[in-house]
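Structure record follows, encoded as structure tokens.
The values are calculated or read from the model by the stated rules, or taken from the named source; none is laboratory data. All values reported here derive from a predicted model rather than from experimental measurement. Positions of Cβ are generated from backbone atoms using ideal geometry, with glycine treated the same way; all protein chains shown enter the neighbour counts. Each accessible area value is taken on the protein alone, full model and side chains, heavy atoms only, with ligands, DNA and RNA left out. Shrake-Rupley method; radii C 1.70, N 1.55, O 1.52, S 1.80 Å.
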Amino acid sequence: IFMFVIFRDLKLWNKYRISNIPSLIFLDATTGKVVCRNGLLVIRDDPEGLEFPWGPKPFREVIAGPLLRNNGQSLESSSLEGSHVGVYFSAHWCPPCRSLTRVLVESYRKIKEAGQNFEIIFVSADRSEESFKQYFSEMPWLAVPYTDEARRSRLNRLYGIQGIPTLIMLDPQGEVITRQGRVEVLNDEDCREFPWHPKPVLELSDSNAAQLNEGPCLVLFVDSEDDGESEAAKQLIQPIAEKIIAKYKAKEEEAPLLFFVAGEDDMTDSLRDYTNLPEAAPLLTILDMSARAKYVMDVEEITPAIVEAFVNDFLAEKLKPEPI
């Protein structure tokens, strides 16, 4: 039995990390697990329900078929075996896409020169084949043929793409390493951390601040003028973050919180101003941008026990929100 969920409750928005509307997600009513995140594409591509129940298929099956290089050479998708793969959803009409592509070209070159088995597959959202060809001419990697709209749509469905640019990083078995490849590439231009396994706790920066809009986020504000303060804060939060992530991973669910440490810079000042937070440091908060709610713990010393209790009370809905 499957059910359609219309997102009216903000808790559901957060649970399923909805950033765009309209959104339609298919769930298995017996388990509550997500069957398909991009239901609108399913309805468009399979209006008669011939592929019902629309469950996820292995990457190898969805990508099967010819892939192109910009010199016209064609390769079979089987050539990807044994490689890490970046699935790059992008379009020439999108300025952030073009900016990311310039960085990604250099990252791709560095990774290949280091001898890593790595390939990128461009999945175009361009509005014409001419635009696709112009954009693809700048790329040294592979692409799904623009004319293969069905395969491009299936890849969008497989990863529930809600916006571009998006870079999905896959391991050699086709399993997702991270959906935040864009952030990782921008934060690691020397590619030292390739293939960018996700960190439990992130240092808030201009490149990853957009993730604050993806759901509730624990943000520990610290005085970054003190040497080692940010690193010490990350080490304090990390065991709690790892525990929460592991708990939900065991249930095959996304963690209900993202974890950040924020120092002192213009972006952090803007965040404090926008959310009307006190200037105190350290300051422990949970920010829920979509619900326009915040939870604040202003104490002189932040300890692991305080952080864990704060997180557990939030997850148990024991905390009273303040408006943002």
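Computed quantities for the displayed model
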{"item": "Strands (runs of 3 or more DSSP E) enclosed by the stretch 8-116 - at least 2 residues per element that are in contact (Cβ under 8 Å) with a residue 12 or more places away in the chain and over 30 Å from Leu287 (Cα atoms)", "result": "66-68, 84-90"}
{"item": "Among (1) in contact (Cβ under 8 Å) with a residue 40 or more places away in the chain; (2) assigned to a loop (DSSP other than H, G, I, E, B); (3) out of contact with any Leu (no Cβ under 9 Å at 6 or more places or on another chain); (4) on the phi < 0 side of the Ramachandran plot - the single one Pro145 does not satisfy", "result": "(3)"}
{"item": "Subset of the stretch 157-211 that is hydroxyl-bearing (Ser, Thr, Tyr) and surrounded by fewer than 22 Cβ atoms within 10 Å (Cβ to Cβ) - its residue that is nearest to Ser124 (Cα to Cα)", "result": "Tyr159"}
{"item": "Test: Val183 is β-branched (Val, Ile, Thr) and assigned to a helix (DSSP H, G or I)", "result": "yes"}
{"item": "Positions within the stretch 39-58 being buried (at least 18 other Cβ atoms within 10 Å of the Cβ) and in contact with a Phe, Trp or Tyr (Cβ under 8 Å, 6 or more places away or on another chain), in sequence order", "result": "Gly39, Val42, Trp54"}
{"item": "Lone qualifier among Pro304, Pro282 - being closer than 22 Å to Lys247 by Cβ and either in contact with a helix residue (DSSP H, G or I) (Cβ under 8 Å, 6 or more places away or on another chain) or among the basic types (Lys, Arg) (or both)", "result": "Pro304"}
{"item": "Residue count for the stretch 121-140, restricted to those that are closer than 17 Å to Asn71 by Cα and either in contact (Cβ under 8 Å) with a residue 40 or more places away in the chain or open to solvent by 60 Å² or more (accessible area, probe 1.4 Å) (or both)", "result": "13"}
{"item": "Members of the stretch 141-156 that are open to solvent by 10 Å² or more (accessible area, probe 1.4 Å) and small (Gly, Ala, Ser)", "result": "Ala150"}
{"item": "Given (1) in contact (Cβ under 8 Å) with a residue 24 or more places away in the chain; (2) surrounded by fewer than 20 Cβ atoms within 10 Å (Cβ to Cβ); (3) of a type outside the set (A, V, I, L, M); (4) closer than 30 Å to Pro56 by Cα, index of the condition Phe259 fails", "result": "(2)"}
{"item": "Conditions (1) assigned to a strand (DSSP E or B); (2) farther than 27 Å from Cys191 by Cα; (3) of a type in the set (D, E, K, R); number of the one not met by Glu119", "result": "(2)"}
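Here is a yes/no grid of residues against (1) touching a residue at least 24 places away in the same chain (Cβ under 8 Å); (2) touching a strand residue (DSSP E or B) at 6+ places or on another chain (Cβ under 9 Å); (3) open to solvent by 30 Å² or more (accessible area, probe 1.4 Å):
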position	(1), (2), (3)
Glu214	yes, yes, yes
Gly228	no, no, yes
Glu231	no, yes, yes
Lys249	no, no, yes
Asp266	no, no, yes
Glu300	no, no, yes
